[in-house]
Amino acid sequence: MTKWHQADRVLIAPSILSANFSKLAAEIQEVEQAGCDLIHVDVMDGHFVPNLTIGPVVVSAVRQSTKLPLDVHLMIDDPGQYVEEFRKAGADWLTIHVEIKGDVAGTLKKIRQLGAKPGISLRPKTNLSALKPYLSLVDLVLVMTVEPGFGGQAFMPDMLAKVKELKKGYKGHISVDGGIAAATIRQARKAGANLFVAGSAIFGATDRKKQIDELRRLAG
């Protein structure tokens, strides 16, 4: 069994939203060499969340910069229109939101048909029960521990109740994103998460290898 199928294995995914985009390839290569497990890419359309970020062209450039899996989080209204483009660009994991306007189940099935790992996420205000119809269709559940849209927000500890509840029955990867750092990762791990998305905690560190090692130790 590979580590990508071991839902109890700690996985560290630096979020490039906090990287220096003027030297993005070098930033990605540095965290890869520092020992991270995936590269996390936040895609925002300015509608689903009040921010606008990158598209498939940048994902393609990221793909050329690393051999690591690309964990692409689609914070967009109708991801069904774009999952094929992002898959072609190099996305390995594609996570959509349960709150989208489009066909959630159909989009998740399409992602798997394209050969990527489907994931589902929910906003902090969305009840965990909204995910239940889709849990059998996904390899990953992403619990947002901040409001999606911008990096650098404070960790919301009350979101860990969702992680604990999810862990009781869901056997896939449980990811947390938002405010993950040395002060919070242990709480998230104790609640049941195994995949940790960290932006400024990693890209803002002077010694990124030391930081990744420390995050992994704390989540141990």
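Model label points for Gln33 and Asn20, set 7 angstrom from Cα along the Cα-to-Cβ axis, are 1.4 nm apart. Short-range pairs are left out: with C-alpha atoms under 8 Å and at least six residues apart, the relative contact order of the chain is 22 percent. Subtracting the Cα-Cα distance of Ala182 and Gln113 from 0.36 nm times their residue separation leaves 21.1 nm of extension gain. Two decimals, Cα atoms only, Kirkwood Rh: what is Rg/Rh over the range 1-88? Radius of gyration over Kirkwood radius for the range 1-88 works out to 0.98.
Among residues other than Leu128 whose Cβ falls under 9 Å from its Cβ, what is the net charge (Lys/Arg +1, Asp/Glu -1)? The partial results should precede the final answer.
Numbers: positive: Lys132, Lys162; negative: Glu165.
Combined, the nearby Lys, Arg, Asp and Glu give +1.
For the pairs Lys88/Lys167; Lys109/Lys164; Lys109/Lys171; Lys88/Lys110, flag any whose C-alpha to C-alpha distance is greater than 22 Å.
Details: Lys88/Lys167 32 Å; Lys109/Lys164 26 Å; Lys109/Lys171 18 Å; Lys88/Lys110 13 Å.
Lys88/Lys167; Lys109/Lys164, as the Cα separations exceed 22 Å there.
Roughly what % of Cα-Cα distances in the range 3-219 sit above 29 Å, to the whole percent? Display every interim value, and only then the final one.
On the way: 3720 of 23436 pairs.
Considering the range 3-219, 16 percent of its Cα-Cα pairs are separated by more than 29 Å.
Between Lys132 and Gln81, the contour length at 0.36 nm per residue exceeds the Cα-Cα span by 16.0 nm. Give the residue list of trypsin sites (Lys or Arg not before Pro) in the range 80-170 that are DSSP loop and have at most 15 other beta-carbon atoms within 10 angstrom. Sparse-neighbourhood loop trypsin sites (Lys or Arg not before Pro): Lys101, Lys125, Lys168.
Each Lys or Arg adds one and each Asp or Glu subtracts one; over the other residues with Cβ under 10 Å from the Cβ of Glu30, this totals +1.
Every number here is computed from the coordinates shown, using simple stated rules; none is lab data. Model, not experiment: these values are computed from the prediction. Counting neighbours? That spans all protein chains shown, and the Cβs are built from the backbone with ideal geometry, glycine included.
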